[in-house]
Amino acid sequence: MKTLYILPILLLIIGCKSGTADKPAEAFSSTSENGLAVGTITFEGDVPRNDIYRFLYKPASDDKKFVKKNEGKIEVKARNEKNDRAFTGDFADGKTYLFVIERAPGKYSFNQHTVLSGLGSMGNVNFSKTYGIPFEIKKGEITYLGELSYNDFAQPGDPRIVVYDRYDRDLAELKKKYPNIDWKLASDKTPKSGDKGEGNIIDFR
């Protein structure tokens, strides 16, 4: 794990965002040139251990321009309106966050996550070792890639992230939040295997 000091500009980071296209698609249909990947991130425990969580993804491509344009992150700031550490997600007592990624067609994977503990100039960020949670984005289609259940308090040898299939539950919540997306285009593609990373950071169930 590597630790870096973070500049005060991180104080400006808010909410749950996805990479270079920070705003999720408000509408989506089969005529789109891009595709969507959707799912949830759920945190175990009652109180966040860290302040900001980032889940990084990138295309499986040798085209550096394509990778730079389409790589991104899901970012969660685990603080409430009073700036206290707290989960403020979409459902499940705020512990579950919906995400929608719109990108060019291709094969992708979540390959790393980072956590920020402390805000401002004294904050530090820890980078996980790399792994691979694969998913594919297809033109004019919506890929459901599962729930990423994150355990802040995982012990050495136990998975930090477990991938579950919660398709029916999550699709119902996505329909509520994004009613203008054509959810008939969605299909359940929860990965059942991938690169678990050194020390089995990931598990698939």
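The values are calculated or read from the model by the stated rules, or taken from the named source; none is laboratory data. Not measured: the values here are computed from a predicted model. Cβ placement follows ideal geometry from the backbone for every residue including glycine, while neighbour counts extend to all protein chains displayed. Side chains are part of the model used for accessible areas, which takes the heavy atoms of the whole protein and leaves out ligands, DNA and RNA. Shrake-Rupley method; radii C 1.70, N 1.55, O 1.52, S 1.80 Å.
For residue 61, no residue has an amide H sitting under 5 Å from its own, ignoring neighbours fewer than 5 places away on the same chain, with H placed 1.01 Å from N.
With the simple spin-label model, which puts each label point 7 Å out from Cα in the Cβ direction, the residue 198 to residue 107 separation comes to 2.4 nm. Quick note on segment 123-174: its Rg to Rh ratio, both from C-alpha atoms and Rh being the Kirkwood radius, is 1.05.
Ignoring ligands, DNA and RNA, what accessible area per residue does the chain give at 1.4 Å, in Å²? Don't skip to the answer; put the middle values down first.
Numbers: 10560 Å² over 205 residues.
With all protein chains present, the chain gives 52 Å² per residue.
Divide, for the chain, the radius of gyration over alpha carbons by 2.2 N^0.38 Å, where N is the residue count. The partial results should precede the final answer.
Details: Rg = 16.4 Å, N = 205, 2.2 N^0.38 = 16.6 Å.
The reported ratio for this selection is 0.98.
Our estimate of slack between residue 117 and residue 69, defined as 0.36 nm per intervening residue step minus the Cα-Cα distance, is 14.5 nm.
Here are some pairs, 82/184; 129/192; 58/82; which of them have Cα atoms lying more than 29 Å apart in this structure? Among 82/184; 129/192; 58/82, the Cα-Cα distance tops 29 Å for 82/184; 58/82.
Summarise the accessible area of the chain (1.4 Å probe, protein heavy atoms) by the percent that is carbon and sulfur. Let's see the in-between values first.
Working: 5270 of 10560 Å².
Carbon and sulfur: 50 percent of the exposed surface of the chain.
Only protein heavy atoms count here; on that basis, with a 1.4 Å probe, residue 147 has an accessible area of about 10 Å². Rounded to the nearest 10 degrees, the angle from helix 167-177 to the longest Cα principal axis of the chain is 90 degrees.
Name the residue from 56, 155, 193 whose Cα lies farthest towards the positive end of the charge dipole of the chain, charges +1 on Cβ of Lys and Arg and -1 on Cβ of Asp and Glu. The one lying farthest along the dipole's positive direction is 56. Between segment 162-205 and segment 48-67, what is the separation of their alpha carbon centroids in Å? Each part's Cα centre sits 17 Å from the other's.
Given charges of +1 on the Cβ of Lys and Arg and -1 on the Cβ of Asp and Glu, with all other atoms neutral, how large is the dipole of the chain about its Cα centre, in debye to the nearest 20? Don't skip to the end; give the middle numbers.
On the way: 32 positive and 29 negative charges, 98 e Å.
Dipole of the chain, to the nearest 20 debye: 460 debye.
If I take every Cα pair under 8 Å that is 6 or more residues apart in the chain, average their sequence separation and divide by the length, what percent do I get for the relative contact order?
Values: 503 pairs, mean separation 57.4, N = 205.
Once normalised by length, the contact order is 28 percent.
Placing a label point 7 Å from the Cα of residue 151 along the Cα-to-Cβ line, the residues of segment 186-201 whose backbone N sits under 12 Å from it are 200-201. For segment 90-205, the mean projected area of the C-alpha convex hull, equal to one quarter of the hull surface, is 8.8 nm².
Quick check on the chain: helices-only [θ] at 222 nm, where DSSP H runs of length 4 and up contribute -39,500 (n - 2.57) each and the sum goes over total residues. Nearest 500, please.
Numbers: 2 runs with 18 residues, N = 205.
Helix contribution divided over all residues of the chain: -2500 deg cm²/dmol.
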